[in-house]
Amino acid sequence: MTAASAGNTVEAVFRIESARIIAGVARIVRDVGIAEEIAQDALVAALEQWPESGVPDRPGAWLMATAKHRAIDLVRRKETYARKLAEVGRTLTDAPPPPEPADADDIDDDLLRLIFTACHPVLSTEARVALTLRLLGGLTTGEIARAFLAAEPTVAQRIVRAKRTLAKAGVAFEVPYGAERADRLGSVLDVIYLIFNEGYAATAGDDLVRPALCEDALRLARVLAGLMPYEPEVHGLAALLEFQASRIPTRTGPSGEPVLLADQNRTKWNRLLIRRGIESLGRAGRGPLGPYALQAAIAGCHAQAVRYEDTDWATIAVLYGQLVRIMPSPVVELNRAVAVSMTEGSAAALEIVDAVAAEPDLKDYHLLPSVRGDLLARLGRAEEARAEFEHAASLAHNARERQLLLHRAAEAAERPR
């Protein structure tokens, strides 16, 4: 195996396994910043050894074992060796962790512990989400910045300060109980949703979809739903992710190119996930619908339409109207405009888009000119549409999305004036 191919394999495996490695090491060292450094050390070790020794049969397990051994060595070097060794004794062997305890309030899940630790109240909401995306999503600072629609240096500083703050405060690596858990829930839900979104529509790279991130987010949403069965928004998030995940196999074509919703083969949508989404949405509907439950209801309208032409756009427009009232956002308004275009026409939708076009949060948001280009194309304003699609392509960081937008720009240019 060449050094280049081994390096690519190492990076791919680490991207998938980094969250679990950091979480597993954090249980030993009780410091998420140190855990991330040790995980990076394991990555360096793999880059040095695998080109010569070959890729192990279980590369993820190799990285985990290497990281844990380094963590244990670090603990042994501490002055409090005896006490710390006793605390983490069960992690010193290669035996698998014990099964989850019967008590749902005591879930034995390192990833869940890591999320709740990163979402501690000593951090700002922005820092909680950014840190967890970094640790659990394995995202680069640039990818997190684009997910936040924020400047990359700002996010980088936020992450560094967050790790220092957690270490200084001595935050325990645990799933909190009672009122403290409820206080942190909103941030945890936001984190899981952003992780799923990065997998569902990657902000950068050559692939539109990163299924591993979607799977991690969906698993964590299901765990939370079992842990907090009387929290409607937990079920709302679970429903939303079930519905969205049901479409993942049809979102890309044979060569990885994006497939628009109208062109997806709905016979290949995962009906089991759709049924799970319907069940979760039913559990979320015990009171007034919150933001995630409303988004799940919108996704459910799409998921239950047998054909694109059968989509209940009128209901979707109403749901977006309710969503924007409880969660004002230019991005939500942009999505509402798409639904309005299907019920009231492109001209009415364009008025909504133009009303939010000057919002600072949308300055570098590629979907703004993309939506505007689509509406202009439907109105027969081909030259303006072409310019919008080209502008959207210049803002897109994902190669697949950029190709699609340039293709749509070319189509607009070919239309008769």
Heavy-atom accessible area of Phe173 with all protein chains present, probe 1.4 Å, nearest 10 Å²? 10 Å²
When ligands, DNA and RNA are left out and all protein chains stay put, how many square angstrom of accessible area per residue does the chain have with a 1.4 Å probe? 47 Å²
Of every hundred units of 1.4 Å-probe accessible area on the chain, the number belonging to carbon and sulfur atoms, as a percent, is 52 percent
Which of Val318, Ala358, Trp62 sits farthest toward the positive end of the charge dipole of the chain, with +1 on the Cβ of Lys and Arg and -1 on the Cβ of Asp and Glu? Trp62
Å³ per residue enclosed by the Cα convex hull of segment 156-273: 129 Å³
Which whole-number percent gives the relative contact order of the chain, counting Cα pairs below 8 Å spaced six or more residues apart? 11 percent
From the Cα centre of segment 358-403 to that of segment 310-326, the distance in Å is 23 Å
Hey, got a sec? Which trypsin sites (Lys or Arg not before Pro) in segment 353-409 land in a DSSP loop and have at most 11 other Cβ atoms within 10 Å? Lys363
Would you look at the GNM of the chain, springs on alpha carbons closer than 10 Å, and say which of Ala296, Ala355, Ala67 moves the most? Ala355
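Please get the size of the charge dipole for the chain, origin at its Cα centre, with Cβ charges of +1 on Lys and Arg and -1 on Asp and Glu, quoted in debye to the nearest 20.
480 debye
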Cα-projected label distance for Val44 with Met327, points at 7 Å along beta-carbon direction, nm: 4.1 nm
Cα-projected label distance for Ala399 with Glu152, points at 7 Å along beta-carbon direction, nm: 1.7 nm
Across segment 354-363, in residue order, what do the Karplus-derived ³J(HN,Hα) couplings come to in whole Hz, using 6.51 cos²θ - 1.76 cosθ + 1.60 with θ = phi - 60° and x for Gly and Pro? 5, 5, 9, 4, 8, 4, x, 5, 9, 4
Among Thr117, Leu261, Gln304, whose Cα sits farthest toward the positive end of the charge dipole of the chain (+1 at Cβ of Lys/Arg, -1 at Cβ of Asp/Glu, about the Cα centre)? Thr117
Only Lys, Arg, Asp and Glu count, each charged at its Cβ (+1, +1, -1, -1), so figure out the dipole size of segment 156-248 about its Cα centre, rounded to 20 debye. 440 debye
Dipole magnitude (debye, nearest 20) for segment 246-321, charges at Cβ of Lys, Arg, Asp, Glu: 380 debye
Over segment 194-254, what relative contact order in percent results from Cα pairs under 8 Å that are six or more residues apart? 29 percent
Quick one: if the Förster radius is 56 Å, what FRET efficiency do Glu359 and Ser5 give, using the C-beta to C-beta distance and rounding to 0.05? 0.80
Over the chain, the sum of -39500 (n - 2.57) across DSSP H runs of at least four, divided by residue number and rounded to 500 deg cm²/dmol, gives at 222 nm -22500 deg cm²/dmol
Once percent of Cα pairs over 38 Å apart is worked out from the coordinates, which option in (i) 26; (ii) 17; (iii) 20 does it equal? (i)
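Would you please give the FRET efficiency between Leu406 and Val160, computed as 1/(1 + (r/R0)^6) with r the Cβ-Cβ distance and R0 = 41 Å, to the nearest 0.05?
Working: r = 37 Å, r/R0 = 0.90.
That gives a FRET efficiency of 0.65.
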Charges on Cβ only, +1 for Lys and Arg, -1 for Asp and Glu, centred on the Cα centroid of the chain; of Gly170, Ser246, Phe389, which one is farthest towards the dipole's positive end? Gly170
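The values are calculated or read from the model by the stated rules, or taken from the named source; none is laboratory data. As the structure is a computational prediction, the values presented were derived from the model and not from experiment. Heads up, the Cβs are rebuilt from the backbone with ideal geometry, glycines too, and the neighbour counts pull from every protein chain shown. Only protein heavy atoms, including side chains, enter the accessible area calculation; ligands, DNA and RNA are left aside. Shrake-Rupley method; radii C 1.70, N 1.55, O 1.52, S 1.80 Å.
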